[in-house]
1. Looking at 12, 61, 47, 55, which is the one that is at pLDDT below 90 and under 17 Å from the mean Cα position of the chain (by Cα)?
Amino acid sequence: MPSDDTSSNGLLKVGIIGTIIVALCCFTPILVILFGAVGLAAVVGYLDLVLFPALGIFILLTIYALWRKNARGSAS
């Protein structure tokens with residue numbers, strides 16, 4: 001069973017990495033070029049419906065992990 005500190009670090013890593021990846025896909029044309037290259041250009045119009053909520057979720061996950069890590073640090 002992982003300790004709370006280990007799971008907080010894991011949540012923080014997942015939150016930061018997810019935020020960076022989704023932000024790159026939102027603010028650069030990486031997915032547009034990729035989908036155009038593989039023939040899925042019709043899906044490009046729906047990317048905002050997935051990417052913006054995913055960005056919000058990963059940002060909230062990062063904030064939660066930081067809050068949890070600070071709460072554990074101040075308790076000990």
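The values are calculated or read from the model by the stated rules, or taken from the named source; none is laboratory data. These numbers come from a predicted model, not from an experiment. Cβ atoms come from the backbone with ideal geometry, glycine included; neighbour counts cover every protein chain shown. For accessibility, only protein heavy atoms count, side chains too; no ligands or nucleic acids. Shrake-Rupley method; radii C 1.70, N 1.55, O 1.52, S 1.80 Å.
1. Working: 12 fails: at pLDDT below 90; 61 fails: at pLDDT below 90; 55 fails: at pLDDT below 90.
Checking each option against the conditions leaves just 47.
Residues are listed down the side, and each one gets a yes or a no for (1) in contact (Cβ under 8 Å) with a residue 12 or more places away in the chain; (2) aliphatic (A, V, I, L, M); (3) touching a His at 6+ places or on another chain (Cβ under 7 Å); (4) open to solvent by 40 Å² or more (accessible area, probe 1.4 Å):
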{"site": "20", "(1), (2), (3), (4)": "no, yes, no, yes"}
{"site": "36", "(1), (2), (3), (4)": "no, no, no, yes"}
{"site": "41", "(1), (2), (3), (4)": "no, yes, no, yes"}
{"site": "68", "(1), (2), (3), (4)": "yes, no, no, yes"}
